[in-house]
Structure formats: C-alpha cells, structure tokens
Amino acid sequence: MSETRHPRGRPLPLLLAYPLLAIAGALTHRQELTLVASALLASLLLWPALRARRPGAWLSWLGLLGGLGWLAAHGLIALALDAVPLLLNLLLAWLFGRTLRAGCQPLIAQFIEAIEGAPRLAMPGIARYARQLTAFWTVLLGAQALLLGALLLCQVPGGLLVRLGLDSPLPVPLAWVQAYVHAGAYLLLGAVFVLEYLFRRWHLRHLPHLGLHALLHRLALRWPQLIRGRNRTP
C-alpha cells in the first residue's frame, strides 16, 4: 500500500500529528510530547531534502534535534514551539509587505506571473487586484502575529507575563491559547485563502480562472522559486 502524502510530498500523518501533539503537550504539561511535536515540525520542514538524501539536510536535521534537546533540558521547549506560528506569521507578513514598496512587483503579482504567465497579469483589473491582495495578506498576517503574541503573553497558566511574575491583564485559558496557536491560526489562513479564491472568481467573473486544485498544485511547485525571487515563467 502506498504511503499517504501531502501534495507537496510530506506524509499526511505527520502533518496531522504535529498540532495534536503540540496541543496535548501544552495541556498535559508533558515535555516529552512537546519535544516530539517539535522534532516532527523540524522533520516536516526538511522532509523533501531528507528524502533526497542530501547530506546538508541531514546535518541540519541532526543539528535541529540537538538544539531541541538542549531547549528541553533547560525547560524552554514549550516556549520555542509556541513561538513558531508567531515567527512564521511575521516572516510571511514581511515577505508580502516588502514587495509593496514603490518600484517593486507585489508578491501576488509574482505568483500570478509565475503560475499563469505574464499575459494573465496584463488582463484588465488583475494587476490592481494583485496589489490590493498583497496588502490584504500583509495586514492579515501582521495582525495575526500581534494576536498570537498577545495570547502567549496573557496565557494562564504558563504565559510570558506569569513566568515573569506579572499579572495577566486579560487571562486567557491555556487550552484556548494552545488550540489557536497550534491549529486555529493555520486553519484561519486556509479558510481565508479559500474564501478569497471564491471572492476572486466572483469579483473577476468576466475572466477565466484556474480550478482550486490546479492553483494549489502550481503554487506548491513554484513557491520555493518565488521565495528566492525567481518568479518568471520560462
């Protein structure tokens, strides 16, 4: 029987296990569950390169596991895992926002050009919508980063304020915070992506559109090149 895999080549069971283990570790205060969740996340990030047996990827993976072991030994593994979604949102907000400067091509416009070609970008209304959508994602990701930071500060018990011996101005239960940090934040971005796709098909209904599956497939294939600035179609 073939292994069930994510469209980008990552095993689906690992993708599902990461948030479950992260939340379970936080709620039960069992550091070993949090450590396993962190190791799974490191493995998922490097999975394609590990499968290709690249020595650098395996050395990086072993280094990450060693770093996680050090954090666990010093009681910091839970804080490190909680910081991942916050840092990811900040990074993505920066990637989108930096392309809104004058003279730069907005990141969504780069996606369109890479996925559907330059003629698509020249169609009426596409370039303007691409800039507006890039700004939207910049604001959304930045706002979610702020929300995640506030939740991790105010979490009770185990929040940063409590750890510093300060009272939380808005005590948020641990279960709520961990569920949103390790699952809800990702689900929100996925839901917004789908809703934006549906809105785009209605808003630009005078133009043809790729199906959602084809769009996701091409985006997954082109994403590494886009991040590295190689956004032109051959």
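The values are calculated or read from the model by the stated rules, or taken from the named source; none is laboratory data. It should be emphasised that the depicted structure is a prediction, and the values quoted were computed from it without experimental measurement. Cβ atoms come from the backbone with ideal geometry, glycine included; neighbour counts cover every protein chain shown. Areas reflect the complete protein model, heavy atoms only, side chains present, ligands, DNA and RNA absent. Shrake-Rupley method; radii C 1.70, N 1.55, O 1.52, S 1.80 Å.
Observations, loosely collected:
- Failed condition for G25, given (1) modelled with pLDDT of 70 or more; (2) assigned to a helix (DSSP H, G or I); (3) more than 29 Å from H217 (Cα to Cα); (4) of a type outside the set (A, V, I, L, M): (1)
- P55 vs. criteria at pLDDT below 75 and either open to solvent by 40 Å² or more (accessible area, probe 1.4 Å) or of a type in the set (K, R) (or both): no
- Residue check for A37: within 17 Å of L64 (Cα to Cα) and modelled with pLDDT of 70 or more: yes
- Helices (runs of 4 or more DSSP H) lying entirely in region 78-178 (those with 1 or more residues that are touching a Gly at 6+ places or on another chain (Cβ under 7 Å) and either under 29 Å from V36 (Cβ atoms) or at pLDDT below 95 (or both)): 126-154
- Looking across region 168-211, just one residue is farther than 20 Å from T28 by Cα, open to solvent by 40 Å² or more (accessible area, probe 1.4 Å) and among the hydroxyl-bearing types (S, T, Y), and that is Y186.
- Extreme residue, least open to solvent (accessible area, probe 1.4 Å), among residues of region 119-167 that are of a type in the set (D, E, K, R) and closer than 19 Å to H203 by Cβ: R120
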